[in-house]
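**Student:** Pasting a structure here, questions to come.
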Amino acid sequence: MSSVPQPVSPSVPEGPPASADDAGSGPAEIVARLVGFGHALRHEGLPVGSDDVVTFCTAVAELTPSDIADVYWCGRATLVHRRDHLAVFDEVFRQYFLGHPAPAGREPDATEPVAQGLSGTLNVPDSEPGEQTGDDRPMVLGLQASGVEIQRDKRFAECTPEELAALRRIMARIGLEPPRRRTRRRQPDPSGARLDIRRMAREAMRLSHAAPELRRLSRTQRPRPLVLICDVSGSMADYSRNLLQFAYSMRRAARKIEVFCFGTRLTRITPALDRRNPDDAMKLAAARVLDWDGGTQIGASLDTFVRRWGRKGLSRGATVVVCSDGLDRGDPAVLADAMERLSRLCHRIVWMNPLARDDVETLPNTLAMSVAGPFIDSLQSGHDLDSLESFARKLPQIG
Amino acid sequence: MSEQPRNETPASVADLQAQFLSSGYLASRGLATATLIGLRLGRPILLEGEVGVGKTEMAKCLAQIGGRQLIRLQCYEGIDTHQALYEWDYARQMLHVRALSESELSDASAVSGLYSPEFLIERPLLSAIRAGSDAVLLIDEIDRADDEFEAFLLELLSDFQITIPEVGTVAASDRPTVVLTSNRTRELHDALKRRCLYHWIGFPSVEEEIEIVRLRVPAAVETLVHKVVAAVQRLRDMDLVKPPGVAETLDWVDALGVLGTTELDAASAADTLGTVIKDRDDLELVGAELDRVVADA
C-alpha cells in the first residue's frame, strides 16, 4: 500500500546546462545551486530551515557525488522530515535539477501548508457530492434553533457573538475534566496502595536510624485521547456547524483529540482546528471537507478510519465519538464490520445522534443504528449546543 | 555539527552497501546514503516505515559492520529516565551502609563512596554515552514513548552529555551512532525530526525482496522464493488490515522449508498462511482468493 515515489534514475540524465554534477566548476556556484534548491523547496511549502540547507551542503561535500542520484539521496535524507513531503521533494527535484517542466495548473498553496500531520492527502470525491441531497431532505428533522434552511456558503461564515460565547462556555466546561485513564507511572500519594520503597530507602539512609515512615504511591492519571468522527452529510447539515464548533472547543481544551469529518469520504481536519481564531479554523476545516451535504456512507467512512488510522494506534485507548443520525446509504454489513473492528481498537464508542433528542435510552429506528447498536457503549443526543455542553459534562464518566 | 570522519567510516555509498550486504542486509541506495551522511556528520538517523521492513535490523547490521556494540532502548508508554538513563541501586547502598562499622560511618568518604559508580545502574542511554563511538545506539519505536520523553531525548541527542547530580557530568568522548525507528503510530515532534536524517523505508520491489530472501534463507529453493515473493506482493496489493512485511515473507519461506515443501500451491499456502497473515478478517479475505494469490505470474 505504501509505495515510495520512484527515485530518480541513478544514471546521469541529459541534464539542463547547470546541473550539480559539473563539480570543480567552482564550489561557490555549486553551493549557490544547492541553496537555490532549498529555496525552491521552501517555495513549494516544505519547511526547510537554514540549518537543513547547511546540512545538505555539508552532506554533498562529504560524499563528493559522482552523479545526480547522490545529490538526490543527500537531499532526501537532509531536507525532508516527513513522508508526506517526499512527493513534493521529488517533483521539485525533477524541475530544479533535471529541468522537467512544472505540471500545469499546480500552484503553491499559500493558505494551506503541506504539513498536515499523519497524512496529508485530501480525497477528491469522484461522484458529484450533493446529488443525493434531495433524497435526504425529507428526512431532516427540525432543529430547535431557528434557520433550518441555512445556505450552503453561509453555514461556515463567521460565528455570531452568541455562538462564540457558547464556544467559550463549552471550552471552560471541557477544560475542567477531560476523560482520563490510568498510566503505568506512579506518583507519591499518602493514601496510595503501593509502598514507595525507593523513597523510604532514600530517607532511611539519610536518617540512618529507626524504621522509616511509610510512603505510598498511586498511579498517575492522564487525559484519554478523544476521537471525534462527525457526519457532515445532507441529512446532518443543520447539526454540522454545531458539531464542528464543538470539535473546535474540544481541540482547544485538550490536546489529545483528533477530528474527522465524513459524508461519503472520510477527511481528517484536526490540523485545521489548530487556529486560534475560531472563524479561521472553521473556514479551513470547511475547505478541507469536500463532500458537504452529500450522501452518507457511514460504514465505508468508519472502515477507512479503522484501516488508515485506527490500526496505527490513533484510537487505542481512546474514547471515540461518532456523531451521525445513522441515515446510511451504504451496505449495513460494511458498517457492522467497521463497528466491530472499531470497538476492538478503542476504549469506548459513544454515538451522538441528534435524532435521539432527550430520550437517549432508545435507539432511533434506522437500519444503521440497529446494526451499530451492539457496539455502542453510550448513546448521546447532541442536537444543539446545550446538549453538547451536557455531553461534555458527562464525558469523564463515560470514559 | 561536523566531526572528523572516523577511521572505519566507509569511503563511499557503494562501499557501505557492500558492507551491509556482507552482513546479510540489503540496503537501498537511499538508505545507504542517509546512513553514510549520518556517520560522517555525526547525526542521528530516523527510520520510518511499515511494520517489518527491516528498520531494527538495519541498526543491528550497522553495529555488526563496524564491529561495534549495539545498545538498544526499547521505548514504551510511560518510559522514564530511570529506565532509560540511570538509577541508583538503593538496595545495595543500604546493605553497604549496614555493613559499615560505626567508625567507618563517621568518615566523610564513606558517604561519598555510596555514590560511586558501583552503585550506579547504567541504563541504555548512559551506556551509550559511556561507550561513545564504540556503540550504535538503537532507540526503537520512539513513537510509543510519551511526548515528554521525546523532549528529553532531544536534549540528550544534541549534547550527548548528562548530569548526574551526585557524580557530575558524563559526556561522550565521541558520539555514538544513533538510529531511531518509528512506526508512525503518532507524529513525532518536528524539533526531534529536524535533528535527524530522515529515511522512509517502503516495501521492497520484487527483485529486492527476492534478493533479501536469498541473503537470509540461502537454503531456500529458487522457484519457491520467486513464488512466495510474488504471492506476498499480491497480498500487499489486496486491501488488508495488516499487509505482510519482509519479516513475514522470510517467515513464510522458513515455514515452507521446515515442512519440506518445494512448491507453493493453494494447499501448502493454506497450511502456512498463519505466518504471513496475522488478522482474522484478513485470513477470511485471503482464504477466499488463495488460488489467485499463489497463481503463477
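**Student:** First check a/c for the range B:206-293, with a ≥ b ≥ c the square roots of the eigenvalues of its C-alpha gyration tensor; if it is under 1.5, answer rounded, and if not, answer prolate when a/b is larger than b/c or oblate otherwise.
**Tutor:** Working: a/c = 1.80, a/b = 1.42, b/c = 1.27.
Since a/c reaches 1.5 and a/b is larger than b/c, the shape of the range B:206-293 is classed as prolate.
**Student:** For the range B:169-297, what's the relative contact order in percent, using C-alpha pairs closer than 8 Å and at least 6 residues apart? Intermediate results must be reported in sequence, preceding the final value.
**Tutor:** Details: 95 pairs, mean separation 30.6, N = 129.
Averaging sequence separation for qualifying contacts and normalising by length gives 24 percent for the range B:169-297.
**Student:** First check a/c for chain B, with a ≥ b ≥ c the square roots of the eigenvalues of its C-alpha gyration tensor; if it is under 1.5, answer rounded, and if not, answer prolate when a/b is larger than b/c or oblate otherwise.
**Tutor:** Working: a/c = 2.53, a/b = 1.99, b/c = 1.28.
Prolate, because a/c is 1.5 or more and a/b exceeds b/c.
**Student:** Structure shown: which of B:K60/B:K242; B:K242/B:K278; B:K55/B:K242 lie over 19 Å apart, alpha-carbon to alpha-carbon?
**Tutor:** B:K60/B:K242
**Student:** Place a +1 charge on the Cβ of each Lys and Arg in the range B:206-293 and a -1 charge on the Cβ of each Asp and Glu, then give the dipole magnitude about the Cα centre in debye, rounded to the nearest 20. Before the final figure, lay out each step's value.
**Tutor:** Details: 9 positive and 19 negative charges, 31 e Å.
Dipole about the Cα centre, nearest 20: 140 debye.
**Student:** Normalising by the residue count of chain B, find the relative contact order in percent from Cα pairs under 8 Å and 6+ residues apart.
**Tutor:** Working: 434 pairs, mean separation 62.3, N = 297.
The value is 21 percent.
**Student:** Then there's this: What ranking of A:M250, A:M205, A:M352 emerges when the number of other C-beta atoms within 10 Å of each C-beta is taken as an exposure proxy, fewest first? Don't skip to the answer; put the middle values down first.
**Tutor:** Numbers: A:M250 23, A:M205 16, A:M352 27.
Ascending number of Cβ neighbours within 10 Å: A:M205, A:M250, A:M352.
**Student:** Sort B:K60, B:K55 by Cβ crowding within 10 Å, fewest neighbours at the top.
**Tutor:** Working: B:K60 18, B:K55 25.
Arranged by neighbour count, lowest to highest, B:K60, B:K55 become B:K60, B:K55.
**Student:** Out of all DSSP beta bridges in chain B, what portion is antiparallel? Express it as a percent rounded to 5. Don't jump to the answer; show the numbers that get you there.
**Tutor:** On the way: 7 of 26 bridges.
Expressed as a percentage, antiparallel bridges in chain B total about 25.
**Student:** Shape verdict for the range B:101-175, please, from the Cα gyration tensor: rounded (a/c under 1.5), prolate (a/b greater than b/c) or oblate.
**Tutor:** Because a/c hits 1.5 or more and a/b exceeds b/c, the range B:101-175 counts as prolate.
**Student:** Just rank B:Y25, B:Y115, A:Y72, fewest to most, by other beta-carbon atoms within 10 angstrom.
**Tutor:** Values: B:Y25 21, B:Y115 15, A:Y72 25.
Listed from fewest to most nearby Cβ atoms, that is B:Y115, B:Y25, A:Y72.
**Student:** Taking the alpha-carbon centroid of each part, what is the distance from the range B:219-255 to the range B:47-115 in angstrom?
**Tutor:** When both Cα centres are located, 39 Å separates them.
**Student:** Rounded to the nearest 500, what is chain B's calculated 222 nm mean residue ellipticity when only DSSP H runs of at least 4 contribute -39500 (n - 2.57) each, over all residues?
**Tutor:** Details: 16 runs with 147 residues, N = 297.
It lands at -14000 deg cm²/dmol.
**Student:** Relative to the present Cα-Cα distance, how much length would full extension add between B:D237 and B:S101 at 0.36 nm per residue of separation?
**Tutor:** Numbers: separation 136, 0.36 × 136 = 48.96 nm, distance 7.26 nm.
This chain segment gains 41.7 nm when fully extended.
All of the numbers you see were taken from the coordinates with simple rules; none came from a lab. Source: prediction; values computed, not measured. Note that each Cβ is placed from the backbone with ideal geometry, even for glycine, and that neighbours are counted across all protein chains shown.
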